[in-house]
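Below is one structure, written out as structure tokens, with a few remarks after it.
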Amino acid sequence: MDNRPIGVFDSGLGGLTGVRELRKRLPGEDIIYFGDTGRVPYGSRSPETILQYARQDVAFLLSRNVKCIMAACGTVSSTYPAAEAARLPVPYLGVVDAAAREAAFATRNRRIGVIGTAATIRSRSYEKLLRQLVPGVEITAQPCPLFVPLVEAGYVDHSAPEKQQVTRLVIAQYLTAVREAGVDTLILGCTHYPLLKTMIGEFMGDQVTLVDPAKTAAHHLERMLSQRGLRANRESGTAHFYVSDVPDSFVQTADLFLGEYKGGPVDQIAIDKY
Ligand code: DGL
């Protein structure tokens, strides 16, 4: 039993999709979330810069006495070296491993699609793992850089069909080749993509399984905490949010990713001090 908080971080607020899943699975846990809103996006940056940022994000969470760290960010999870993660003083979990395993389990025809930021696709993180897990797998990988700004600008809003129309056009532009490749499983390899799940699902068709890394990672984290005897022993936990830009727009954006935003303090920190 361990009542210290779980540390979660992301390049911005998209990682709150991970917090939402953790809240459902582990309601008794305290969560410390860091969103690097002052330096988002990470997905278009070089591996060196992403690594430097990720190290600071991890150092901040460690300074808050967390019992484990979850990188909710697809881009960080794809680039943070496993050897470095293994040397951290607390268990570290990214989203790539769990999602790749889920996709390997789900595929029937061994054709898997992967979408993510430019940095995630360039890293080939999913490809490397999937090739180990599924012999003879055919992978179709596609960066979708416009999905993040579309989600953040509210172009998924069901009450605004004309905005959704724009998003549908972009989805068709990015995913036509993926659909034509005949994939039966598609990994939504970025924090923001679960918000496009319905529209992506409509485009890809019912026969395609969509893998949501936030969900699978939350499941893995739950299992890991149980196996190591690190679960908290309380009914309901709290969440404390930290950001690196002014927190003004936090509540509005948090609502988008968290579903039912339950509150919790939001503080700004100077991440470059870590
Ligand atoms: N959180 C990032 C990811 O999941 C998307 C936003 C960004 O590019 O920083 O890859």
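Of the peptides 211-218, 245-252, the order by per-residue mean of other Cβ atoms within 10 Å, starting with the highest, comes out as 211-218, 245-252. Here the extension length gained between Thr176 and Glu162 equals 2.9 nm, from 0.36 nm per residue of separation less the Cα-Cα distance. To the nearest 10, the accessible area of Lys197 is 60 Å² with a 1.4 Å probe. Entry note, the chain: the mean residue ellipticity at 222 nm calculated from DSSP H runs of n ≥ 4, each adding -39500 (n - 2.57), is -13000 deg cm²/dmol after division by the residues and rounding to the nearest 500.
Think of a 1.4 Å ball rolled over the protein heavy atoms: the chain then has 44 Å² of accessible area per residue.
The alpha carbon centroids of the range 110-128 and the range 33-96 are separated by 18 Å.
Note on the range 21-161: with charges restricted to the Cβ of Lys and Arg (+1) and Asp and Glu (-1), its dipole about the Cα centre is near 400 debye.
Taken about its Cα centre, the chain carries a charge dipole of roughly 800 debye when the Cβ of each Lys and Arg holds +1 and the Cβ of each Asp and Glu holds -1. Backbone N atoms of the range 1-34 closer than 16 Å to the 7 Å Cα→Cβ label point of Tyr274 belong to residues 5-16, 19, 31-34. Rounded to the nearest whole Hz, the Karplus-based 3J(HN,Hα) values (6.51 cos²θ - 1.76 cosθ + 1.60, θ = phi - 60°) of the range 129-145 follow the sequence 5, 4, 5, 6, 7, 10, x, x, 5, 10, 10, 10, 10, 9, x, 10, x, with x at glycine and proline.
For the peptides 3-15, 30-42, the ranking by mean Cβ contacts within 10 Å, running from highest to lowest, is 3-15, 30-42. With the cut-off at 1.5 for a/c, could you classify the chain from its C-alpha gyration tensor as rounded, prolate or oblate? It is prolate, given that a/c is not under 1.5 and a/b is the larger ratio. Under 13 Å from a label point set 7 Å out along the Cα-to-Cβ vector of Ser249, the amide N atoms of the range 39-62 belong to 39-41. Peptides 179-191, 136-148 ranked from most to least packed, by the mean per-residue count of other Cβ atoms within 10 Å: 179-191, 136-148. Spatially close Lys pairs in the chain, defined by Cα atoms under 28 Å apart and a spacing of eight or more places or different chains, total 15. Only the Cβ atoms of Lys and Arg (+1) and of Asp and Glu (-1) were treated as charged; on that basis the dipole of the range 135-210 about its Cα centre amounts to roughly 120 debye.
The values are calculated or read from the model by the stated rules, or taken from the named source; none is laboratory data. From a predicted model like this one, the values you see are computed outputs, not experimental measurements. Cβ atoms come from the backbone with ideal geometry, glycine included; neighbour counts cover every protein chain shown. Side chains are part of the model used for accessible areas, which takes the heavy atoms of the whole protein and leaves out ligands, DNA and RNA. Shrake-Rupley method; radii C 1.70, N 1.55, O 1.52, S 1.80 Å.
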